[in-house]
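Novice: My questions will all concern the structure given below.
The values are calculated or read from the model by the stated rules, or taken from the named source; none is laboratory data. Everything quoted here is computed from the prediction, not taken from an experiment. FYI the Cβ positions are ideal-geometry reconstructions off the backbone, even for glycines, and counts take in every protein chain you see.
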Amino acid sequence: MKREQISVFDIFKIGIGPSSSHTLGPWRAAQQFVQLLDQQQVLSIVTGIKILLYGSLAKTGKGHGTDIAILLGLSGDDPVTFDVNAIDGKINDIKTANKLLLGGNQQIDFYVEDDLLFLFTESLPYHPNAVTFQAFLSNGKAVSATFYSIGGGFVVKEGVQTQIKNEVDLPFPIETAGDLLHWCIKTGLKISEVVMENELAWRGEQETRSEVLNIFRVMRECMYRGCHTKGHLPGGLNVARRAANLNRRLIGNFQYQNYEEWVAAIRATGNSFQNTLDWVSCFALAVNEENASFGRVVTAPTNGAAGVVPAVLHYFIVFCDGFSDEKIMKFMLTASEIGSIFKKGATLSAAMGGCQAEIGVSSAMAAAALTECLGGSQRQVLMAAEIAMEHHLGMTCDPIGGLVQIPCIERNTMGAIKAITASQLALQTNPDNAKVSLDAVVRTMWQTALDMNSKYKETSDGGLAINIPISLPEC
């Protein structure tokens, strides 16, 4: 059986909110379709494009910005570098002119209402998040391709089995938590050290360190921005942003001019339980309010759950003296490996597994990483991940209005707090006495996902989504 090789940079991806599966994934699919047209040397003779959205991409695509992401991807823009402040202007230009500059070069007529279709009652069998692109050529022929956004920004093209990333000979191949523990016991390495050795099979140590720390930079900039931006979230629910006001109340009279001074100011507010709890919630709220506002975020492992890992990492930095490159590296590497184990053994897609696949996985990632950084043994690290996920099993995905706002943003605060609690429990427990393994929880999560009714899988057809009276102009 072919094994999937997942790097830290597959789990942590820089992109734009509000959803990794409904925004980042479709964006990447659109880019890949343009690349396909270019490879077939037909890009210059494309006269028209149609996009068909199926399943969850259709049902919650408007609220998740799927249409926006696809238009930007077809235009040749990249989610890592595209100016988030230019999104509205570019989309308005396309809609007003009824023109699309395909790949940034080939101008075609494009009518959003006619050429980008939400097929609310249709699904494709492989995955609920499906999009088909059809390009019509001046020679009378057409090119068609279907892509599946399978969670966390991962994209699979129908009929393609090979991975885009080059396969390498990993020194420590890992499919399960049992595999990871085996290599730790055999080598005596910590989990983060095993992960780093695998990463070095793809690239040099300096490049790996630089890129991981760049991921952290984007995370902290997102959090800092979210803690200093007031107003309401877009989409029609009129949800007020809370992180900035909470930050202001908690910081009191302490003054600061930049991120480093902000960290010092937060430390100066004290480390009482209530204060710490409030700050962790503030960190998580800030990230996901940015995500809901089409801000630049990092999948961790998804956009909808992007606040948990940064919030717990920032808790470690501020309240556990974790502000060093080495400690941040250890945290990020450990978190990524736990995410990859869930990706291989279950899913990172709420459209497949409900919110347990997003907040649950992110909480497990953060719990494991915190435990590693606080000196826990390899077994305690895996135990922390197990505890965190065990208490997210069965969590449904029922976004009100198809927006990644309610209950998604607050769920990140809950996931972060559960992660810290899970870490503390693991650190105070002899893992030899544990009755439940991480692999057992991964299997249980996947079985639960398969049993879960589709209306609780990011369709907005059940749960809170149908019990809260709302009136949205665009959803």
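Novice: Filter the strands (runs of 3 or more DSSP E) completely within the range 64-129 down to those with at least 1 residues that are of a type in the set (Phe, Trp, Tyr), assigned by TED's automatic domain parsing to the domain that holds Ala449 and surrounded by 13 or more Cβ atoms within 10 Å (Cβ to Cβ).
Specialist: Correct list: empty, since no element meets the threshold.
Novice: Please specify each residue of the range 250-274 satisfying the condition of being closer than 20 Å to Arg220 by Cα, in a helix (DSSP H, G or I) and not hydroxyl-bearing (Ser, Thr, Tyr).
Specialist: Leu250, Ile251, Glu260, Glu261, Trp262, Val263, Ala264, Ala265, Ile266, Arg267, Ala268
Novice: Can you find even one residue in the range 45-57 that is among the hydroxyl-bearing types (Ser, Thr, Tyr) and surrounded by fewer than 24 Cβ atoms within 10 Å (Cβ to Cβ)?
Specialist: Filtering the range 45-57 down to residues among the hydroxyl-bearing types (Ser, Thr, Tyr) leaves 47, 54, 56.
Filter again for surrounded by fewer than 24 Cβ atoms within 10 Å (Cβ to Cβ), leaving 47.
Within the range 45-57, one or more residues are among the hydroxyl-bearing types (Ser, Thr, Tyr) and surrounded by fewer than 24 Cβ atoms within 10 Å (Cβ to Cβ).
Novice: So for the range 465-475 (the condition being at pLDDT below 95, crowded, with 17+ Cβ neighbours inside 10 Å and over 22 Å from the mean Cα position of the chain (by Cα)), does at least one residue qualify?
Specialist: yes
Novice: Then there is this: Mind checking which residues of the range 78-94 are out of contact with any Leu (no Cβ under 9 Å at 6 or more places or on another chain) and not acidic (Asp, Glu)?
Specialist: Listed by number, the residues that qualify are Val80, Thr81, Val84, Asn85, Ala86, Gly89, Asn92.
Novice: I'd like the full set of residues that are of a type in the set (Val, Ile, Thr) and farther than 20 Å from Gly415 by Cβ, limited to the range 229-283.
Specialist: Thr229, Ile251, Val263, Ile266, Thr269
Novice: For a quick check of your reading of the model, give me the residue pairs whose first member lies in the range 440-469 and is closer than 12 Å to Ile400 by Cα, whose second is basic (Lys, Arg), with beta-carbon atoms closer than 8 Å and at least 6 apart or on different chains.
Specialist: Every condition considered, the pairs that remain are Glu458/Lys59; Thr459/Lys59; Ser460/Lys59; Asp461/Lys59; Asp461/Lys455; Gly462/Lys455; Gly463/Lys455.
Novice: Given the criterion in a loop (DSSP other than H, G, I, E, B) and either in contact with a helix residue (DSSP H, G or I) (Cβ under 8 Å, 6 or more places away or on another chain) or assigned by TED's automatic domain parsing to the domain that holds Thr60 (or both), identify the matching residue among Leu393, Leu370.
Specialist: Within the list Leu393, Leu370, the selection yields Leu393.
Novice: Next question, about the same structure. Across the range 292-332, what is the number of residues that are outside any helix (DSSP H, G or I) and under 22 Å from Ala240 (Cβ atoms)?
Specialist: So the answer is 10.
Novice: Of all residues being of a type in the set (D, E, K, R) and farther than 21 Å from Ala367 by Cβ in the range 265-291, which is surrounded by the fewest Cβ atoms within 10 Å (Cβ to Cβ)? Just the residue, please.
Specialist: This residue is Arg267.
For (1) surrounded by fewer than 18 Cβ atoms within 10 Å (Cβ to Cβ); (2) closer than 25 Å to Ile14 by Cβ; (3) at pLDDT 95 or above, each residue gets a yes or a no:
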| residue | (1), (2), (3) |
| --- | --- |
| Val195 | no, yes, yes |
| Asn198 | no, yes, yes |
| Leu213 | yes, yes, yes |
| Phe216 | no, yes, yes |
| Leu237 | no, no, no |
| Asn253 | yes, no, no |
| Tyr259 | yes, yes, yes |
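Novice: Now a separate question. Quick one: how many residues across the range 320-333 are farther than 14 Å from Glu260 by Cα and either touching a residue at least 12 places away in the same chain (Cβ under 8 Å) or of a type outside the set (D, E, K, R) (or both)?
Specialist: 8
Novice: If a residue counts only when it is acidic (Asp, Glu), which helices (runs of 4 or more DSSP H) contained entirely in the range 149-240 have at least 2 such residues?
Specialist: Ranges flagged: 191-199, 205-226.
Novice: Output the number of the condition that His127 fails; it satisfies all remaining conditions of (1) within 16 Å of Ile68 (Cα to Cα); (2) touching a residue at least 60 places away in the same chain (Cβ under 8 Å).
Specialist: With (1) within 16 Å of Ile68 (Cα to Cα); (2) touching a residue at least 60 places away in the same chain (Cβ under 8 Å) applied to His127, the lone miss is (1).
Novice: Now, a different point. Scan the range 89-106 and give yes if some residue there is at positive phi and touching a residue at least 40 places away in the same chain (Cβ under 8 Å), otherwise no.
Specialist: Yes: one or more hits.
Novice: Sticking with this one: List the residue pairs whose Cβ atoms are under 8 Å apart, where the first residue sits in the range 60-73 and is over 17 Å from Gln32 (Cβ atoms), the second is buried (at least 24 other Cβ atoms within 10 Å of the Cβ) and of a type in the set (D, E, K, R), and the two are 6 or more positions apart or on different chains.
Specialist: Filtered contacts from the range 60-73: Thr60/Glu458.
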